[in-house]
Amino acid sequence: MCARAVRTSTLGVLEMQPSMTDETVPVLKTISDDEDLLRRIRRGEIDRFVDLIDRYKDHVTRIIGRRVPADRVDETAHEVFVRAYVGLAQFSGLVPFGHWVASIAVRTCYDFWRTRKGEEVPVSALTTEHQQWIEQVLASRSDDHCSEQAHRREAAEVLEWALAQLSPENRAVLTLVHLEGHSIRETAQLLGWSLINVKVRAHRARQALRRILIDNH
Amino acid sequence: MMASNDETIAKLERALIEAHRARPTPLLRPGWTEQVMQDIRHAAPQAESEDGVECLIWRTAGIAATIVLIATVSWAVWSWTSPNEGMGLLIEELEVTPLVFD
């Protein structure tokens, strides 16, 4: 009864957050199927895990595709599902499996940037094309024109350039809170951090991004 | 000047947010699922043994805690019900020893 109440409220949150849920996964319909599958996997039918992968791989790649370089998506998604399998004993079922696996995906991406932290990846400077893109965005008078600019290749590259200058912690929080519009509570749950930590980091990360943008335009 | 700067940054932020949301979902290479399943089959015995070790640790901790609890309760009951010599001697001592200002 209690678990059902939590599940319903969590679903409510998920339905309000399209960025973290996959529109192609009908969450309500899959919950009972997931429970059945998980029961079978726990009983030793390992091969049934492939059904869970098929069901959630688009959901996971959508999350990962927005966080790691394109050439690292396959291996990161791979790691997410292996982690999910190994950690299956910790899945209580109080939240939908999709939400749980999303949390693993977010944390795996955070770990990806944490392990690269020591590698001293050089941050390339903005090119003339990027500078021109910034000028065009600033010069745009209508929202439509601004939106049109956001879909250009340069937009993604400028975003990547700005994110590359943030710490892995700031990057993770900024992506969830400011770029995807998650609440502080949801972000804390997804990252497994305290509310206060997320709140402070969200503020600092936004300030850091603003400083980067001001210094370079 | 400040307001203008804020407006400029806000414009850029909005464009970057939209750029983030507009990122296409990447496609996984063919055969990706089979490769993941291969690793999972490989990880399965390891995960089971880890579960087993974790289970053993918790079981041992539970048994140890129960033994400690039983021992503590037994000692408390025993010290309460048995003739309390130590306490008796202390009371006797207090009765015999005159107080400082007596």
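Please treat every number below as a calculation from the coordinates, not as lab data. All figures in this text were calculated on a predicted structure; none of them were measured in a lab. Neighbour counts are summed over all protein chains in view; Cβ atoms, including those assigned to glycine, are modelled from backbone coordinates with ideal geometry.
Observations
- A:ARG185-A:SER32 FRET efficiency (beta carbon distance; Förster radius 30 Å; 0.05 resolution): 0.65
- Note on B:THR66/A:SER92: beta-carbon distance plugged into 1/(1 + (r/R0)^6) with R0 of 22 Å gives a FRET efficiency of 0.30.
- A Förster radius of 41 Å combined with the Cβ-Cβ distance from A:LEU195 to B:CYS55 puts the calculated FRET efficiency at roughly 0.80.
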